[in-house]
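The values are calculated or read from the model by the stated rules, or taken from the named source; none is laboratory data. Nothing here was measured: the structure is a model prediction, and the numbers come from that model. Cβ sites come from the backbone with ideal geometry, for glycine too, and all protein chains shown count toward neighbours. The area values use the complete protein model at the heavy-atom level, side chains included, leaving out ligands, DNA and RNA. Shrake-Rupley method; radii C 1.70, N 1.55, O 1.52, S 1.80 Å.
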Amino acid sequence: MSDIKKVEASQQYRNRMRAKQAYLSRDIPRGRPSFRVQQRLMILVGGHWDTAWRLVELEREKNPGMPEDWYWEKAIYNIERDRGLK
């Protein structure tokens, strides 16, 4: 692997770890989503915490006042719909 690719991979890894740490340290309003729902979304986004968090935040902005599980389920539904899985 070239030095440039190693540096890029290292930067991507650090960015993912920062996003994961930010996600884990946040106070999530209206309760925490169930483990099953979190795992399902993580699988669909390939383990990218930053992507999962961004999708959930987008749903929170569009639909304020819903239970936390609902936002995660909606993000899952949108991904599955867009990929033709539903």
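Figures for the structure shown
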quantity	calculated
Within the range 34-86, helices (runs of 4 or more DSSP H) holding 2 or more residues that are free of Cβ contacts under 8 Å to residues at least 12 places away in the same chain and either more than 30 Å from R14 (Cβ to Cβ) or in contact with a Lys or Arg (Cβ under 8 Å, 6 or more places away or on another chain) (or both)	68-82
Residue identified as of a type outside the set (A, V, I, L, M), on the phi > 0 side of the Ramachandran plot and modelled with pLDDT under 80 among G31, G46	G31
Of all residues making up the range 51-72, the number that are open to solvent by less than 70 Å² (accessible area, probe 1.4 Å) and out of contact with any Leu (no Cβ under 8 Å at 6 or more places or on another chain)	11
Subset of the range 47-82 [in contact with a Gly (Cβ under 8 Å, 6 or more places away or on another chain) and more than 15 Å from F35 (Cβ to Cβ)]	P67
